[in-house]
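Trainee: Right, I'll just put the structure down here and ask away after.
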Amino acid sequence: MIEEILIVGLATSALYLVIALGLVMVYSVGRVEDLSVGAYLMVAAYIYWFLAEGGPYLSLPKGAAIIITILIGSAISISVYRGFIRRLLDNPTAVFISTLIFSLIVENVLAGIFGEAPRSVHPLVYGSVTIGGITITLNIVIILAIAWAITIILITFISKSYIGRAIRAVSINPRGAMLVGIDPEKVRILTWGLCGALSAVAGISLATHTSISTGMWILPLILAFIIVMIGGLGSIGGAILSAHIIGFVGAFTMVMIDERLRGVFGLLLLLVILIFRRRGLFGRE
Amino acid sequence: MGGNKPVRETALKKIALRWIIAFAVMSLLPFFVPHGWLRVLIIANFLAIFAMSWDIMSGYTGYISFGHNFLLGISAYASVLLIHHFDVPLYLSMPIGVLIAAVGGVGFVLPTLRVRGPYFTLFTLGLFILFERIMITLGPITGGTRGLFGFPTVLKGAVPNFYLTLVLVFAVAFALWYLGQTDFGRVLNAIRLDEDVVENSGLDTTRFKLLSFLMSSIAAGIGAVFFIHYLGALCPRSVFAVFLLLNIIIASVIGGMGTIIGPFMGAYIITIILEGLRAVAPGPWRIATYAAIGLIIFILRPRGIFFEIQRLFRRRR
Amino acid sequence: MKFKDFSEGGGNRKDMAKVIETRGISKRFGGITAVNSLDFHVEEKEIVGLIGPNGAGKTTVFNLIMGVLRQDSGDIIFNGTNINNYPTHKRVKIGIARTYQIPKPLKEWTIFENIRISMIPDGIKSIRRIGGREEDIRRIAKETGLTEYLEKYPDELPIGALRRLELARALANDPKLILIDEAFAGMTKEEIDVISELLKKKRKEGMSFIIIDHNLEALANIVDRVIVIHLGRKLAEGKLQEIIKKEDVKKAYLGE
């Protein structure tokens, strides 16, 4: 029981962290919250399933399916940014509302193409391993590893690379960045693309871990947002910690109490934390 | 936008006349439209009440709530559960439902008043999802996902129900519109523009927000209890659906946030779009097309249709 | 106990003359101390200049007096009453008003309405009554030279006029003390003279002012006294002409 909580907690925390990191980056360069991340995630999950297991027509190798899915995920998020978020950057409220409506469109388009019934997806890898008497599926181990690899690469990328520094420059002061020759618009496009790719990875992982359905965008979206809120907008360290709080609370609820209450305690936690600290645990005044 | 200055006495009479004409025209509808359409209009009226009640809070103050279903849900569940478990008569359970919405709305929102922007919106969305889950989990009491049915309705038949909802929607619309025209509405509008300036003008913004929440909760509660006792069946999907939340928001934004009349018109417009699409696009495609239309209108005309109509009239003069 | 009440209750004549007094107020942001145990006071009908280099903590002092920020320690006394626990709107109601360094007009409202907002009754009363009398608004507009703009929107106004709108909105609150953040920045010589005359007139009517400004020449014409702060501490206090001769002030101010 405890082992299950531990491994499910670690894996879901890492997955939500990946989504949350996308949100944090998008917020830092655009000062808006993109509620479409759940939609990016869901589209990616369906595309991966279609490419890898789409019946007689398509059954690409998993590696190829993953790469194509990530590219399409980036393309979608960039199109959403170029399509309308860019026009609404000075109005965060409008971004909130429009991206929520966009998510509804995506949900129904997918339901129109693939039907509303949930579909199961094969795991990335079969089999299980036993470590110290605990048996866990290999799939979840792989997910955990991928999520952490991405997180570490991303943090290094942001702190070390030129593009990473450009992203930070734009997040601190877009005008100043412009003065030193960085085009904030290019940086935003790149960041949105990165956010789409991160969501795509999370979508593929979620799909292979459980199943896909047209309602699967809501819970990851809310949980990723809770993580960002509790962590304080724009703080990566805070996001890592709060992802684990939320992940473990969720895993505990699922295993010990009731599968359907997954997310409820995370929400309660958010409510309590926001009551006492209105900028989250690590947000600044 | 209701003009730049508050409406003075003389203008008020002229506007009151417009309201009466609008009401009279709409009350003639049952003589011209088929009964099938009346049921559609009844739903449009409910949607209009929900959208306007959302507007007096979120549209005016800019505190965007994604948790309006929470208010609808607690009042609907309160009334139905009282009837189902305690045999409370309808005429008592409905006002109690509204009261619960008011108390619950203000009580839960009280701590969130300190929270601004995205934090507030997420908080309200959290509240809504939280309650949906709880209602589903409390199966033995609430009927779980299947819900409860077989409780009394207020009236029977399309025509009486149409008139009932018409009176309701006009009462709510007029009351909220009037509030929006007073200095109270002006202050809510100012809170959206710059909350610090309002506070710096010696106005207690917390109290204004609280009052607007209270009014929003009461209007939403009234809509919800009549809605649920029109349907005669209650399940989580009838009040807690994300689709309903989106309808409320799309109606408000394409009609024009912070105008009350805009969301009223918006509710009718989206109902017509949704019904019109029924023949063209089946199932999920219908909703996808409708949401896409809503999104395009919102992106191109963010201030809404009512604002554009006003501008058109002003230019002509 | 009675004895103590007498001494702290404001019965003392010297106390009565003080409109506002801060007693050792401090405010820290993270590791930075923006205001460091600052003591100062303003007397009735007095115009005090608050000067110091950028980042000295001047605006933070205003935010503390207005209750936008709460001090970590120390007391703020207004007219003999401790207002530490008063929210901003209550401080405004009892007679403190402020202007913003960067003008913050309500962009969708006309100038008339922008002035009127300070006269709207608070809470539920705002439903029944339309706040403000037109003649009062016109008088304030005339005093601040905004009459020609009354029906215009803020984005149609030059920056100097927007600064005067800030002052007009503060005056519309009918305060006893006004905190002016950047009184003259972006104003022409004529505008500065008009505002200086207005402030002197208002002082005669019983108002007090604290003014932040970098234009020492303009300040010299109207202030009775200046307080120099540097790194959150009070560096010097007294007549402007004498103060600016002091070595440490020069050093802090001019970075010599």
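Trainee: On the first, second and third principal axes, largest extent first, how far apart are the outermost C-alpha atoms of region A:7-158 in Å?
Mentor: 54, 40, 24
Trainee: Computed FRET efficiency, Cβ-Cβ of residue C:72 and residue C:248, R0 30 Å: what is it to the nearest 0.05?
Mentor: Values: r = 26 Å, r/R0 = 0.86.
Working from the Cβ atoms, E equals 0.70.
Trainee: Nearest 0.05, what FRET efficiency do residue A:116 and residue C:151 give at R0 = 51 Å with Cβ-Cβ as r? It would help to have the intermediate numbers written out before the result.
Mentor: Working: r = 56 Å, r/R0 = 1.10.
After rounding, the FRET efficiency stands at 0.35.
Trainee: Just read off the accessible area of residue A:248 with the full protein assembly in place, 1.4 Å probe, to the nearest 10 Å².
Mentor: 60
Trainee: Can you compute the modelled spin-label distance between residue A:259 and residue B:86, with each label point 7 Å from Cα toward Cβ, in nm?
Mentor: Once both label points are built, they end up 3.5 nm from each other.
Trainee: Find which of B:226, B:300, B:241 sits farthest along the positive direction of the dipole of chain B, computed with +1 on the beta-carbon of Lys and Arg, -1 on that of Asp and Glu, about the Cα centre.
Mentor: Of the listed residues, the answer is B:300.
Trainee: Treating each Cα of chain C as an identical point scatterer and ignoring solvent, apply the Debye formula and state log10 I(q)/I(0) at q = 0.11, 0.14, 0.17 Å⁻¹.
Mentor: -0.62, -1.00, -1.38
Trainee: I would also like to ask the following. If ligands, DNA and RNA are left out, what is the accessible area of residue C:42 with a 1.4 Å probe, given in Å² to the nearest 10?
Mentor: Counting only protein heavy atoms, residue C:42 exposes about 0 Å² to solvent.
Trainee: P(r) tail for region C:132-255, what percent of Cα pairs lie past 23 Å? Could the numbers behind the result be given before it?
Mentor: Values: 2843 of 7626 pairs.
The calculated P(r) of region C:132-255 puts 37 percent of pairs beyond 23 Å.
Trainee: Taking a ≥ b ≥ c as the square roots of the eigenvalues of the Cα gyration tensor of region A:164-222, is the shape rounded (a/c under 1.5), prolate (a/b larger than b/c) or oblate?
Mentor: Numbers: a/c = 4.20, a/b = 3.35, b/c = 1.25.
Taking the square roots of the gyration eigenvalues as a ≥ b ≥ c, region A:164-222 is prolate.
Trainee: Sticking with this one: Based on a Kirkwood Rh over C-alpha pairs, give the Stokes-Einstein translational diffusion coefficient of region B:180-275 at 25 °C and viscosity 0.890 mPa s in µm²/s. Don't jump to the answer; show the numbers that get you there.
Mentor: Numbers: Rh = 15.3 Å.
Taking Rh from Cα pairs, D becomes 160 µm²/s.
Trainee: Give the accessible surface of region B:44-132 per residue, rounded to a whole number of Å², with probe radius 1.4 Å and ligands, DNA and RNA excluded.
Mentor: Numbers: 2340 Å² over 89 residues.
Dividing the accessible area of region B:44-132 by its residue count gives 26 Å².
Trainee: Given B:119, B:103, B:164, which one lies farthest toward the positive end of the charge dipole of region B:9-241, if we put +1 on the Cβ of every Lys and Arg and -1 on the Cβ of every Asp and Glu?
Mentor: My answer, from the dipole projection, is B:164.
Trainee: Before rounding to the nearest 500, sum -39500 (n - 2.57) across all DSSP H runs of length at least 4 in chain A and divide by the residue total; then give [θ] at 222 nm in deg cm²/dmol.
Mentor: Working: 11 runs with 201 residues, N = 285.
Theoretical 222 nm ellipticity from helices: -24000 deg cm²/dmol.
Trainee: Using only alpha-carbon positions, what ratio does the radius of gyration of region B:29-69 give when scaled by 2.2 N^0.38 Å? The partial results should precede the final answer.
Mentor: Numbers: Rg = 14.2 Å, N = 41, 2.2 N^0.38 = 9.0 Å.
Expressed relative to 2.2 N^0.38 Å, the Cα Rg reads 1.57.
Trainee: Taking the simple approach of a point 7 Å from Cα along Cα-to-Cβ for both residue A:3 and residue A:79, what is their distance in nm?
Mentor: That separation, rounded to one decimal, is 4.6 nm.
Trainee: In a Gaussian network model over chain A where Cα atoms closer than 10 Å are linked, find which of A:100, A:60, A:23 has the largest mean-square fluctuation.
Mentor: Evaluated over chain A, the most mobile residue of the options is A:60.
Trainee: Just check region B:9-241 against the gyration tensor rule for me: Cα atoms, a ≥ b ≥ c as the square roots of the eigenvalues, rounded for a/c under 1.5, and otherwise prolate or oblate depending on whether a/b exceeds b/c. Walk me through the numbers on the way to the answer.
Mentor: Working: a/c = 2.26, a/b = 1.13, b/c = 1.99.
It is oblate, given that a/c is not under 1.5 and a/b is not larger than b/c.
Trainee: Gaussian network model of chain A, Cα springs within a sub-10 Å range: biggest mean-square fluctuation belongs to which of A:80, A:129, A:37?
Mentor: It is A:129.
Trainee: Bin width 10 Å, origin at 0, all Cα-Cα pairs of region B:87-199: what percent of pairs per bin?
Mentor: Over region B:87-199, the share of Cα pairs per 10 Å bin runs 10, 23, 35, 23, 8, 0 percent.
Trainee: First measure r as the distance between the Cβ atoms of residue B:311 and residue B:21, then evaluate 1/(1 + (r/R0)^6) with R0 = 22 Å and state the FRET efficiency to the nearest 0.05. Each step should come with its number before you reach the end.
Mentor: On the way: r = 22 Å, r/R0 = 0.99.
About 0.50, to the nearest 0.05.
Trainee: Once ligands and nucleic acids are excluded and a 1.4 Å probe is used, how much of residue C:230 is accessible, expressed in Å² to the nearest 10?
Mentor: 60
Trainee: Could you tell me what a quarter of the Cα convex hull surface of the protein assembly as shown works out to, in nm² with one decimal place?
Mentor: Values: hull surface 176.3 nm².
Spelled out: convex hull of the Cα atoms, projected over all directions, averaged, 44.1 nm².
Trainee: Let me know the charge dipole size of chain A about its Cα centre in debye, to the nearest 20, where only the beta-carbon of Lys, Arg (+1) and Asp, Glu (-1) is charged.
Mentor: That gives a dipole near 900 debye.
Trainee: Roll a 1.4 Å probe over the protein chains and send me the accessible area per residue for region A:2-216 in Å². Don't jump to the answer; show the numbers that get you there.
Mentor: Numbers: 8900 Å² over 215 residues.
Value returned for region A:2-216: 41 Å² of accessible area per residue.
Trainee: Here's a follow-up. How large is the charge dipole for chain C, taken about the Cα centre, if only the Cβ atoms of Lys, Arg (+1) and Asp, Glu (-1) carry charge, to the nearest 20 debye?
Mentor: Values: 44 positive and 38 negative charges, 157 e Å.
For chain C, the charge dipole is close to 760 debye.
Trainee: Share of antiparallel DSSP beta bridges in the protein assembly as shown, in percent to the nearest 5?
Mentor: 65
Trainee: So how long is each side of region B:239-317 along the principal axes, counting just the alpha-carbon atoms, biggest first, in Å?
Mentor: Principal-axis extents of region B:239-317 (Cα, largest first): 45, 28, 19 Å.
Trainee: Tell me, what is a quarter of the convex hull surface for the C-alpha atoms of region C:70-145, in nm² with one decimal?
Mentor: Spelled out: convex hull of the Cα atoms, projected over all directions, averaged, 7.4 nm².
Trainee: Run the paramagnetic zone check for residue B:237: 7 angstrom along Cα to Cβ, then residues of region B:13-49 with backbone nitrogen under 20 Å.
Mentor: Only B:40, B:43-44, B:47 pass the distance filter.
Trainee: Total Å² of accessible surface buried at the B-A contact, 1.4 Å probe, nearest 100?
Mentor: On the way: alone 15680 and 13790 Å², together 25680 Å².
When B and A are taken together, about 3800 Å² of accessible area is lost.
Trainee: Of C:147, A:93, B:124, which has the most accessible area with a 1.4 Å probe, and how do the rest follow in descending order? If you can, show how the numbers build up before the last one.
Mentor: On the way: C:147 75, A:93 40, B:124 10 Å².
The most accessible residue leads, giving C:147, A:93, B:124.
Trainee: Also, I was wondering about something else. Gap in Å between the Cα centre of region C:217-249 and the Cα centre of region A:104-148?
Mentor: 69
Trainee: May I pose another question? Ordering C:99, B:153, B:145 by accessible area with a probe of 1.4 Å, largest first, what comes out? Spell out each step's value before the answer.
Mentor: Details: C:99 5, B:153 35, B:145 100 Å².
Final ranking, largest accessible area leading: B:145, B:153, C:99.
Trainee: Further question on the same structure: Rank B:271, B:259, B:182 by mean-square fluctuation in a GNM of chain B with C-alpha springs under 10 angstrom and give only the top-ranked residue.
Mentor: Highest fluctuation among the options: B:182.
Trainee: Percent antiparallel among DSSP beta bridges with both residues in chain C, to the nearest 5?
Mentor: Values: 20 of 36 bridges.
Of the beta bridges lying entirely in chain C, close to 55 percent run antiparallel.
Trainee: Using just the helices of chain B, give the 222 nm mean residue ellipticity in deg cm²/dmol: DSSP H runs with n ≥ 4 each add -39,500 (n - 2.57), and the total is spread over all residues, rounded to 500.
Mentor: Values: 15 runs with 240 residues, N = 317.
For chain B, the value works out to -25000 deg cm²/dmol.
Trainee: To continue, here is another question. Could you sort B:84, A:209 by accessible area so the largest value comes first, with the probe set to 1.4 Å? List each step's numbers first, then the result.
Mentor: Values: B:84 95, A:209 70 Å².
The most accessible residue leads, giving B:84, A:209.
The values are calculated or read from the model by the stated rules, or taken from the named source; none is laboratory data. No experiment lies behind these values; they were computed from the predicted model shown. Neighbour counts run over all protein chains shown; Cβ positions are idealised from the backbone, glycine included. Note: areas computed on protein heavy atoms with side chains; ligands, DNA, RNA excluded. Shrake-Rupley method; radii C 1.70, N 1.55, O 1.52, S 1.80 Å.
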